[in-house]
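Input: a single structure, listed below in structure tokens.
None of the figures in this text is laboratory data; all of them are computed from the coordinates on show. Predicted model, so just to flag it, every value in this text is computed and none were measured. For neighbour counting, all protein chains shown are included, and Cβ atoms are generated from backbone atoms with ideal geometry for every residue, glycine included.
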């Protein structure tokens, strides 16, 4: 049995199923976690010279970010279910508007955190480039592309929820924060790709 079939099949099948979760948020977080796992492998293989302590510290940071993204994949599903319940209640009882607004904000906050953490992983990968063994550089490139894609994909989930935000000010603030974050993530990816190209 192939590695994908034996180890990722349950998640992939769950995503493909006609169910609301796991959905875009979980997939975005999953891409980010894969990126961090890939970068962690690069760090582990790159330990072995005078910069061991620095590389080990980067590996620890990537591990924390990796595990946070895994947790956020589950939190996204919880937030979606809460929003679904709050929407149903609002249709039956207008007095639950406050509960609905809170649910919408949380549903946007979780993918925003996914994007934020994915961007953070790119910051760490930037620091890893100089210490990475040359034969691991292409793997680090894969990690960086996935991390930026994770942030960008999570951005779609943020926007899906800002559209229905009752508070216009909160909506604008959230969208501006997202735009700034995605601009930073894209720039980090370019920085990493440029640095990798100079070493390949």
Helix-only CD estimate at 222 nm, as mean residue ellipticity for the chain, using -39500 (n - 2.57) per DSSP H run (n ≥ 4): -29000 deg cm²/dmol
Sequence of 142, 129 once ranked by neighbouring C-beta atoms within 10 Å, starting from the fewest: 142, 129
GNM top mover of 46, 28, 121 - the chain, alpha-carbon springs below 10 Å: 46
Length-normalised contact order of the chain in % [C-alpha pairs under 8 Å, at least 6 apart]: 28 percent
